[in-house]
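Read through the structure below, which is laid out as structure tokens, and then see the notes.
The values are calculated or read from the model by the stated rules, or taken from the named source; none is laboratory data. Source: prediction; values computed, not measured. Positions of Cβ are generated from backbone atoms using ideal geometry, with glycine treated the same way; all protein chains shown enter the neighbour counts. Ligands, DNA and RNA are stripped out before the accessible areas are found, and what is left, the full protein with its side chains, is counted by its heavy atoms. Shrake-Rupley method; radii C 1.70, N 1.55, O 1.52, S 1.80 Å.
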Amino acid sequence: MDNPVTETKPQPSSDTPTQTEARLANPQWGGRFAAGPAAIMADINASIDFDRKLWRQDIRGSLAHAAMLARVGLLTAAEEQEIRDGLHGIARDIEAGNFPFSQDLEDIHMNIEARLSDRIGEAGKRLHTARSRNDQVATDFRLWVRDAIDGISGQVTALMRSLATRALEHAADAMPGFTHLQVAQPVTFGHHLLAYVEMLSRDRDRLRDARARLNECPLGSAALAGTSFPIDRRFTAAQLGFDRPTANSLDSVSDRDFALEYLSALSLLGMHLSRLSEELVLWCSAPFSFVRLSDGFTTGSSIMPQKKNPDAAELVRAKVGRITGDFMGLLMVMKGLPLAYAKDTQEDKEPVFDATEAATLSLAAMDGMIRDMTANTDKMRALAGAGFATATDLADWLVRVPRLPFRTAHHVTGRLVGMAEAKGCDLADLTLEEMQGVEPQIDASIFDVLTVESSLASRTSEGGTAPENVARAAGLWLSRLEENAA
């Protein structure tokens, strides 16, 4: 991921449109123009304020391009070395915060190339042979997104590990399982946490799929039609860790599917983090009191001294709005663009940068909260049997023992629930005689299935909440994640 460097933000020009003639055209492309752009045009056209994040990828791409040009004889070995040394020097300057970014040079590509030419002269001016800013930015952006996917995937893996670790710890601890936010059946807290491990595993798979699809190199497509120079695109692709060159030069420079697919995957990831955040907010509230977060992930109130608010979870819950908005924004940018390149695609980077920052921060905060939280297992256990949570176990017993059809068993159980509700007691508190008054085939063994523990232990089907299932699943996940990290 990009590490910000200390830098002075370029300031918009103060020129008015009437001062246009006093401005010079951009020396990198200005041969066709007698005068520079109007001030407002310079401001809307420049992207250096945000695309400077691509500087590492731009230098990496230029190093590979120079190596390829030398390989095919379009640069001498000495020129390539000059370019290599110059680019490494520029990287050091940017790292140190000593690089003079210029809005007049529009973007990171021209800023670096102009600086290189200033440093090394003619050799620097030869670097742009057989490439265009169109294929250059497409390559840089793919490299950036690929790096971002690697970073986000690593964070997802870390969160999965934290969840699986806590799931193993709580493999046998009962909690109420909900549907419609109503108590439904007992589950274990570990089983509940493992549900999010499954969600995150799909998120990680989607990110990896997106990475595999984007891993083709546009460099060498030039502006839109390829180039007449005898370049070696496969060499360049290999130098940059791509699987192959892109196959069509028009598609190469205009495609942003890789960015959209990445944002789509981040949107789903953000939605899953938002769901988990919502549960943490509920669990921290007094009516639930299932978990407690430390001072490190909560804040207080300016007026109510007793408050301890789960603000970290609330903010993670909100981030999905930004991420999904970024996805939809770029989708709207791309939907009406004809082939090939259009300047509209300059709007591709800010949403990707913003969504990446939001996802990175959200994952870090969620991982911290999961490792930090303290589970109130006594409170969970007390509520696990509330709301007649073992009613399904009673119905299952009626099917299994006296062999009633399930719909009949469902009806009988409903009558017994109504009876218990009228008496203000749990199912297990009804007498055998009362139960037999509804269904004569019920015997005393019915009481063996009406406890939370027996309910949990019985759910042994694959993927079920039985504690032994949960412990096994958590252990398998931890083993897989350990192998993945090796």
How many angstrom lie between the C-alpha centres of the range 336-350 and the range 89-109?
24 Å
Per residue, how large is the accessible surface of the range 419-486? Use a 1.4 angstrom probe and give square angstrom.
56 Å²
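Express in % the proportion of alpha carbon pairs of the range 105-264 at distances exceeding 28 Å. Display every interim value, and only then the final one.
On the way: 5655 of 12720 pairs.
Cα-Cα pairs in the range 105-264 separated by more than 28 Å: 44 percent.
Between Met304 and His410, 0.36 nm times their residue separation minus their Cα-Cα distance comes to what? Let's see the in-between values first.
Values: separation 106, 0.36 × 106 = 38.16 nm, distance 4.81 nm.
My answer for the length gained is 33.4 nm.
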Computed curve, the range 367-429, Cα-only Debye sum without solvent term, log₁₀ I(q)/I(0) at 0.13, 0.14, 0.26 Å⁻¹, is -0.49, -0.54, -1.06
Relative to 2.2 N^0.38 Å, what does the C-alpha radius of gyration of the range 37-135 come to as a ratio? Two decimals please.
1.09
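Please compute the Kirkwood hydrodynamic radius over the range 202-340, one decimal place, Å, based on all pairs of different Cα atoms.
On the way: mean 1/r = 0.0538 Å⁻¹.
Mean inverse Cα-Cα distance, inverted, gives 18.6 Å.
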What percentage of the solvent-accessible surface of the chain, computed with a 1.4 Å probe over protein heavy atoms, is contributed by carbon and sulfur atoms?
53 percent
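Tell me, what is the per residue accessible area of the range 62-134 in Å², probe radius 1.4 Å?
Values: 2960 Å² over 73 residues.
Per-residue accessible area for the range 62-134 comes out at 41 Å².
Give, to the nearest whole percent, the P(r) tail of the range 338-486 beyond 20 angstrom, counting all Cα pairs.
Details: 7417 of 11026 pairs.
Cα-Cα pairs of the range 338-486 separated by over 20 Å account for 67 percent.
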Just grab the label-to-label distance for Arg400 and Glu169, each label 7 Å out from Cα along the Cβ direction, in nm (one decimal).
3.2 nm
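Using alpha carbons only, what's the Rg to Rh ratio of the range 392-461 with Rh from Kirkwood?
Numbers: Rg = 11.4 Å, Rh = 12.2 Å.
Reported Rg/Rh, Kirkwood definition of Rh: 0.94.
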Starting from the amide H of Met175, placed 1.01 Å from N in the peptide plane, find each other amide H under 5 Å away whose residue is 5 or more places distant or on another chain.
Val187, Thr188, Phe189
Roughly how many Å is it from the Cα centre of the range 375-437 to that of the range 185-230, as a whole number?
46 Å
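At 1.4 Å probe radius, can you tell me the per residue accessible area of the range 169-262 in Å²? Working shown, then result.
Values: 4040 Å² over 94 residues.
Accessible area per residue: 43 Å².
Divide by every residue of the chain the summed helix terms, -39500 (n - 2.57) for each DSSP H run of at least 4, and state the resulting mean residue ellipticity at 222 nm, rounded to the nearest 500 deg cm²/dmol. Each step should come with its number before you reach the end.
On the way: 19 runs with 285 residues, N = 486.
Computed mean residue ellipticity for the chain: -19000 deg cm²/dmol.
Work out the count of Lys pairs in the chain where the Cα-Cα distance is under 19 Å, with the pair 8 or more places apart or on different chains. If you can, show how the numbers build up before the last one.
On the way: Lys9/Lys53; Lys9/Lys349; Lys53/Lys343; Lys53/Lys349; Lys308/Lys379; Lys319/Lys349; Lys335/Lys343; Lys335/Lys349.
Lysine pairs meeting the criterion: 8.
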Convex hull around the C-alpha positions of the range 102-161: the volume in Å³ per residue is 114 Å³
Rounded to whole Å and ordered largest first, report the semi-axes of the equivalent ellipsoid of the chain derived from its Cα gyration tensor (root of 5λ).
62, 24, 19
Have a look at the DSSP beta bridges in the chain and tell me what percent are antiparallel, nearest 5.
80 percent
For the range 208-254, report the translational diffusion coefficient in µm²/s to the nearest whole number, using Stokes-Einstein at 20 °C, 1.002 mPa s, and a Kirkwood Rh over Cα pairs.
197 µm²/s
